[in-house]
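Inspection log for the structure reproduced underneath, given as structure tokens.
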Amino acid sequence: MMAAPGEYFSVGSQVSCRTCQEQRLQGELANKARTEKEEKMSQAYAISAGVSLEGQQLFQTIHKTIKDCKWQEKNIVVMEEVVIAPPYQVENCKGKEGSALSHVRKIVSGGVGQSQDPQGGRGEELQRRLGVHLARGGGG
């Protein structure tokens, strides 16, 4: 498949490169683009649903280690087994007792207890920029 004029790669191209630390990266562009779009759509949904910044940060923290998590209104659903309701504290984690619930509770106890924005105060700026992007019709 040829790239369109002005583009370097077409979707589905296999790429391989080295970082400045000599780390070799390989992959398919479509997978990276799809993942980034899904993450932006999830974040946009949370913002539009009125989820607190703490809830959004917790979702991102969980999603780094457990990809099977999604929003259900303002609740975070992890592996279809655990539901975390606002205000996203350990006692708000509900599900069948077991390793999944225990693991999620550990993440919540370490992730929500930090009152500072892990992005160094950029969380509100990110929300503002995402809101502008969505208002212009950008979906990712």
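The values are calculated or read from the model by the stated rules, or taken from the named source; none is laboratory data. For clarity, every value in this text was computed on a predicted model and none was experimentally measured. When we count neighbours, we look across all protein chains shown, and the Cβ atoms used for this are built from the backbone with ideal geometry, even at glycine.
Things to note:
- Residue within segment 24-35 that is surrounded by 15 or more Cβ atoms within 10 Å (Cβ to Cβ) and touching a residue at least 60 places away in the same chain (Cβ under 8 Å) present: no
- For the residues 116, 89, the requirement of being modelled with pLDDT of 90 or more and on the phi < 0 side of the Ramachandran plot singles out 89.
- Scope segment 47-69; condition buried (at least 16 other Cβ atoms within 10 Å of the Cβ) and either within 10 Å of the chain's Cα centre (by Cα) or under 18 Å from residue 105 (Cβ atoms) (or both); matching residues: 54, 55, 56, 57, 58, 59, 60, 61, 62, 63, 69
- The C-beta contact set for segment 66-77 (first residue of a type in the set (Phe, Trp, Tyr), second residue assigned to a loop (DSSP other than H, G, I, E, B), distance under 7 angstrom, 6+ apart or interchain) comprises 71/49.
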